[in-house]
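Before any comments, here is the structure.
The values are calculated or read from the model by the stated rules, or taken from the named source; none is laboratory data. This structure is a prediction, so every number in the text was calculated from the model and none was measured. Surface accessibility is based on the protein's heavy atoms, side chains included, excluding ligands, DNA and RNA. Shrake-Rupley method; radii C 1.70, N 1.55, O 1.52, S 1.80 Å.
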Amino acid sequence: MGPAGSGKSTYCSTAMEYYQNSKRTVHLMNLDPAAEKFTYSPTIDIRELITLEDVMAELDYGPNGGLLYCFEFLMENLDWLEEQIGDFDDDYLIIDCPGQIELYTHIPVMRQFCNVLKNTFKFNVVGVYCLESQFIEDTTKYFSGVMSATSAMFNLEIPQINLLTKMDLISKDQKQDMEK
Ligand SMILES: Nc1nc2c(ncn2[C@@H]2O[C@H](COP(=O)(O)OP(=O)(O)OP(=O)(O)O)[C@@H](O)[C@H]2O)c(=O)[nH]1
């Protein structure tokens, strides 16, 4: 999870490759009903159940209301999800989430989804919150990002790893400052 463009999909496909190379069985789910293209092929794709585009066209919703509708629709159609993950047993499942941070910080849908994964499907759920490392150049942006990550952690009530992404774009001087 994390803001739009923070590197979530890139992290998911890299993690997927890592697990596959370590001979673990791993699946990848796209949970973004508005996703257009991927750097990976998802095993499970919410867009097979519902897409934001269809909701906006058919119900005349805006993007935010449409996204909420998609999540509510998913929660009402858990038999679809059960069919998709029915025989995963002890496999790993990486879930690539949408970039609207309000889903993690103050709207209950993602928390409900995590509860379903934990209580109904018996997964051990861990959140990975992606934050662009360039934010450390700007105190306001950095603190705002850190507070959003903290808010997600409190709201979702799952163990959370906070990840600074795009470290290759950080200058040598900034890296040295970080290490101090
Ligand atoms: N240089 C650099 N670019 C990266 C890195 N990770 C992601 N990017 C680039 O950042 C852009 C956004 O990355 P995505 O992985 O699509 O980000 P996202 O959070 O999934 O984006 P949304 O799905 O739109 O919310 C893409 O152009 C990536 O190639 C990184 O570690 N280094």
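For the reader, a short list of remarks on this structure follows.
- Cα centroid of region 145-178 to Cα centroid of region 1-69, whole Å: 21 Å
- Here the contact order of the chain, divided by its residue count and restricted to Cα pairs under 8 Å and six or more residues apart, works out to 26 percent.
- Solvent-accessible area per residue for the chain (1.4 angstrom probe, square angstrom): 58 Å²
- Kirkwood estimate for the chain, i.e. one over the average of 1/r between Cα atoms, Å: 17.4 Å
- Among the protein heavy atoms of region 8-179, carbon and sulfur supply 49% of the accessible surface, probe 1.4 Å, non-protein parts ignored.
- Per-residue accessible area (protein heavy atoms, 1.4 Å probe) orders Tyr69, Tyr61 as Tyr61, Tyr69, starting from the largest.
- Averaging the sequence gap over all C-alpha pairs within less than 8 Å and six or more residues apart, then dividing by the number of residues, gives region 5-80 a relative contact order of 22 percent.
- Residue-level accessible surface for Phe71, protein heavy atoms, 1.4 Å, Å²: 0 Å²
- For Glu179, solvent-accessible area (1.4 Å; no DNA, RNA or ligand), Å²: 150 Å²
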